[in-house]
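Reviewing the structure listed below.
The values are calculated or read from the model by the stated rules, or taken from the named source; none is laboratory data. Note that this is a predicted model, so its numbers are computed, not measured. Don't worry about glycine lacking a Cβ; one is built from the backbone with ideal geometry, like all the others, and counts go over all protein chains shown. All accessible areas refer to the heavy atoms of the entire protein, side chains included, with ligands and DNA or RNA removed. Shrake-Rupley method; radii C 1.70, N 1.55, O 1.52, S 1.80 Å.
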Amino acid sequence: MVEPRRDVLKLCHDWLSVQEVVDAVSSASCGATSLFIGTTREDVLNGRKVIGLEYEAYEPMAQSEFRKLCDVIRERWPSVTHVCVHHRLGWVKVGEASVVMAISSPHRHDGQQAMQQAVEQLKARLPVWKKEVYDSQEASWKENAECPWASNHKQ
Amino acid sequence: MTAQVTVLYFAKSAELSGLKEEELVAVPTPISSQDLWSLLLQRHPRLCVLQHQVVLAVRQQYVAIGDELVALGDGDEVAVVPPLSGG
């Protein structure tokens, strides 16, 4: 019997639990859980150190774009069973996870391929923005190279 | 025909316009996304900083700035979408 597939996107202001995301995709039929954790890096730009990131989102559209992303993933890798993404909003300190993504599949090949594509698509299409905040108290909005209308878009 | 729409500003566009959202009354419809963007530029000239690095989202569908006509209805949401940086 095929269990109902789950696609979950949670946007929240709290610290993310990797275990919670992993548990959300667990299934007796799945031998593989693929995981991606995006962590806020302590980067240095022009002598200014990043102290954290400020995230905001167009929340209803993030949900609808996430559903489209999952449809694309499932079309290409039908064996993908569950997908769960938790994404922080608001202030995220350096060293903390901004996003945790988990995909379960019967075997690892599909899950790992699907995860690569899911991260790419999330960065290209999810209406979420982050602002880098520096120790100089300045801030700048970042742009994903995956986003087609970014100035640094890689073709 | 005209429509009353809610415009949402995100990220840099919210900083440039000074707003998170506003109501626009009597927006012509159908309207090209270029004309809709120009209308917003007239109201908030500082948005020009985003020229060529912005799209709109109408009823939660991305629309590139160009000749493409969009049909607007009363109560529709139009979002100004600077380059994305999720993940």
Chain A - percent of accessible surface contributed by carbon and sulfur, probe 1.4 Å:
49 percent
Using DSSP to define loop residues, name the trypsin sites (Lys or Arg not before Pro) in the range B:7-87 whose beta-carbon has at most 12 other beta-carbon atoms within 10 Å.
B:20
Per residue, how much accessible area does the range A:69-144 show when a 1.4 Å probe rolls over the protein heavy atoms, in square angstrom?
41 Å²
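What's the FRET efficiency of residue A:19 with residue B:48 using the Cβ-Cβ distance as r and R₀ = 45 Å, to the nearest 0.05? Spell out each step's value before the answer.
Working: r = 47 Å, r/R0 = 1.04.
Efficiency computed from Cβ-Cβ geometry: 0.45.
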Total Å² of accessible surface buried at the A-B contact, 1.4 Å probe, nearest 100?
2200 Å²
Roughly what % of Cα-Cα distances in the range B:9-87 sit above 22 Å, to the whole percent?
16 percent
Taking only Cα atoms, what is the 0 to 90° angle, nearest 10, from helix B:33-43's long axis to the longest principal axis of chain B?
70 degrees
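May I ask for the Rg/Rh ratio of chain A, computed from Cα atoms with Rh as the Kirkwood radius, given to two decimals? Don't skip to the end; give the middle numbers.
Details: Rg = 16.3 Å, Rh = 16.3 Å.
With Rg and the Kirkwood Rh in hand, the quotient comes to 1.00.
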Share (percent) of C-alpha pair distances in the range A:50-131 greater than 17 Å works out to 49 percent
Once you place label points 7 Å from the Cα toward the Cβ at residue A:96 and residue B:23, how far apart are they in nm?
3.7 nm
Do the sum for chain A: with -39,500 (n - 2.57) for every DSSP H run of n ≥ 4, divided by all residues, what is the mean residue ellipticity at 222 nm, to the nearest 500 deg cm²/dmol?
-9000 deg cm²/dmol
Please find the FRET efficiency linking residue A:67 to residue A:29, where r is the Cβ-Cβ separation and R0 is fixed at 22 Å, and quote it to the nearest 0.05.
0.50
For the range B:4-12, in residue order, the Karplus 3J(HN,Hα) values (coefficients 6.51, -1.76, 1.60; θ = phi - 60°; whole Hz; Gly and Pro = x) are 9, 10, 9, 9, 10, 10, 10, 6, 4
For chain A, find the longest principal axis of its Cα atoms and tell me its angle to the long axis of helix A:59-76, 0 to 90°, nearest 10.
50 degrees
